[in-house]
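Let me begin by presenting the structure, written as structure tokens, before commenting on it.
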Amino acid sequence: MKEKGRLLKILLKELYDFKPKIFIVILLHIIVNAVLPLLQLLLSASVIEWLLSNVAIQDYLVRLLLFVAVVGSVQMLQNYFNIFIEENMNHLRVYIRNKIQRKYLTLDYPQLIGKEAQERYNNANELTDNNQSLFGRILMEVTQWGSSILGVFIYVNILVQLESLFIILVGIFALIVVGFNILQVKIDRKLFNSKASNTQKLRYLRKVYGESRITKDVRVFQMQKWFKKIEEKTIDKYYKIVKPKVRLTWAESTVVNVAIIGLSALSYIRSVQLIVSGSIPVSSFVIFAGSVTILAQTIITFISVSGKMNTSLNETKKYDDFMSQAQVFNHGEGKALPEEPLSIELRGVSYTYPNNVEPTIDNITLTLYPYESLAIVGENGAGKSTLINLITGLLKPDSGEILINGIPQSEFNIHDYYALFAPVFQEKFLLTYSIRDTIIQGLPFNEQKYNKVIKLSGIDKIIDQFKNHDQTKIVRAVYTDGVSLSGGQLQKLKLAQALYKDSSVLVLDEPTAALDPLAEHQVYKDYFHFSKDKLSIFISHRLSSTRFCDRVIYIKNGKITETGTHDELIAAQKDYFKLFEAQAYYYRNDHREDSEERTLVKGGVI
């Protein structure tokens, strides 16, 4: 219960931060929703009372007009509040979604990787998907919940004046509704997996129907009847799955309606008795009879919305789990960044990814010297990129420490620390910017520096080919006049980006994986040309780049197993030598096979 209270506070705080006056509107909406049915009953009762009292027609019409005006005004207020709530349901969703996105952008990298991290983010995002999700429906739920509470209070007090027995009967009715509600929840849980699996199959079938890639197969192989048979079988199974739920719903509807009829009958009988005895006027019959039906519906609404509110509080925990994540790195005061020359030292550094048992980086000790060019090589999955992520401050070691010029990494403000590195990662996602915006990446624009960078990187020759030069957009999916860059052009763009940042450490994490060996060789030659005055780290699973480096380290199973120059490691004839020879053999034989294949194709086979 204490946890539910905490989650309710979080939910109310979000509503207050979104729009403080929303609580005033909700309160007025609750009052209007609860009172309006009563006013309508009073109007009917008053009309009967005026007719029976032989009120003059002029007075009758004036009273009727005034009463109708009051009811109409309250009705207009209800419509206004409904529109206000409905409009703000969408605004609240957008507000919370933006808040989640801002939080995501401020989270440290370790909080974004792994299955659990992705689930936290997805769970929070799903709460803003549409008006059926938490932050799409919560305003309406709060209003309905408050209105039903006030309504139950009002109509119970009215019926108690008719017969005190109604308190007991209304209590029994509420217990019946609660009982059915509990059974509905249990059966929903029981059927959830079966329904989800069946729904997933139907969703897949409908997706397949619209899949252009199989349209030829469907027609040539005459698959239409097969698809129809599968769909009919899946739908039949769905009906069998939900049959217990349908039966329970029918039983609930029958019992609840019988109970309402019984309560109504009692109110009719008791009202007639009191009217005959002169205890109440005839007009009160309308109020008492109508109150029974309204109360019954209000109780049903209250119990239903209470269940929904409980679900909403459980979902609020998903939101809180994401938003309450504490920072991993130092975002406060930190030491000033050291002046160049820069050295990086790793002392017994280990790291294990979430949900993994074996460490990806295992007790690595390594020193990177000022202005050194270091190649990190090894087979796929050896830990190369993880080591780079640790050095650049994206990941935090489980044990050991990383020092910059003797100062522990943790003593720097993380944003200041990132300024030390100009990385080119293997992932090359492009935003919908122009070439110039992509190069400067939000940094202050320095025309002299910019012109030097585009010339050094060779991107200037590519820019000259385009009509809009460096204002050319580079995501064609968004801009019809955009361009699609080739692999080599993209490499030059990313090089220009790294050079413009002009950091002390240049990092290349397999940026040429999509290029052929000759293109990769040329790209690395360009990179090495511009890295003379920087500490440079190069990662590649292909070894064409290692000849240019001052030192090579070979990583296997998260450990450094070989260190030296390219020639020294070749001479040692260990894993590095084997990998180099395997690649050389592959490229030689691949070239011969390509030649043979081209010869065969000339013969017109097939």
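Quick rundown of the values:
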read-out	value
Amide H within-cut-off set for PHE412, under 5 Å, with H built and near neighbours excluded	LYS335
Cα-centred dipole magnitude for segment 431-497, charges only on beta-carbon of K, R (+1) and D, E (-1), debye, nearest 20	160
Sites TYR204 and PHE466 - FRET efficiency at Förster radius 41 Å, r taken between beta-carbons, to 0.05	0.45
Subset of LYS492/LYS559; LYS207/LYS240; LYS245/LYS308; LYS115/LYS228; LYS186/LYS308 violating a 26 Å alpha-carbon distance limit	LYS492/LYS559; LYS115/LYS228
Computed magnitude of the charge dipole of the chain (debye, nearest 20; Cβ of K, R +1, Cβ of D, E -1)	2200
Solution diffusion estimate, µm²/s, Stokes-Einstein, segment 2-323, Kirkwood Rh from C-alpha pairs, 37 °C, viscosity 0.692 mPa s	136
Order of GLU358, GLU163 - criterion: other Cβ atoms within 10 Å of each residue's Cβ, fewest first	GLU358, GLU163
Of PHE466, GLN491, GLN448, farthest towards positive along the dipole that unit charges on Lys, Arg, Asp, Glu beta carbons give segment 431-497	GLN491
Rounded to 10°, Cα long-axis angle of helix 447-457 versus longest principal axis of the chain	60
For segment 68-77, 3J(HN,Hα) per residue [Karplus equation, 6.51 cos²θ - 1.76 cosθ + 1.60, θ = phi - 60°, Hz, x = Gly/Pro]	4, 5, 5, 4, x, 5, 5, 4, 5, 4
Crossing angle, helix 575-602 versus the chain [Cα axis fit, 0-90 degrees, rounded to tens]	80
Spatially proximal aspartates and glutamates relative to LYS243 (Cα-Cα < 18 Å; intrachain offsets below 8 disregarded)	ASP188, GLU232, GLU252
Rg/Rg_ref, the chain, where Rg_ref = 2.2 N^0.38 Å and atoms are Cα	1.45
Between segment 232-278 and segment 16-85, the alpha-carbon center distance in angstrom	29
Geometric extent, Cα atoms of segment 431-497 - Rg, Dmax (angstrom)	11.1, 32
For the chain, calculated [θ]222 nm from helices alone, where every DSSP H run of n ≥ 4 adds -39500 (n - 2.57)	-22000 deg cm²/dmol
Ranking of LYS335, LYS467 by count of other Cβ atoms within 10 Å, fewest first	LYS467, LYS335
Length-normalised contact order for the chain - Cα pairs under 8 Å, 6+ apart - percent	14
Order of VAL328, VAL305 - criterion: other Cβ atoms within 10 Å of each residue's Cβ, fewest first	VAL328, VAL305
Mean separation of Cα contacts under 8 Å (6+ apart) over length of segment 42-167, as relative contact order %	21
Spatial separation of Cα centroids for segment 388-415 and segment 540-580, in angstrom	25
log₁₀ of I(q)/I(0) at q = 0.08, 0.15, 0.16, 0.20 Å⁻¹ - segment 356-506, Debye sum with one point per alpha carbon	-0.30, -0.91, -0.98, -1.25
Relative contact order computed over segment 304-454 (Cα-Cα under 8 Å; 6+ residues apart), in percent	25
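Every number here is computed from the coordinates shown, using simple stated rules; none is lab data. Small disclaimer: the values here were computed from a predicted structure and weren't measured. Note that each Cβ is placed from the backbone with ideal geometry, even for glycine, and that neighbours are counted across all protein chains shown.
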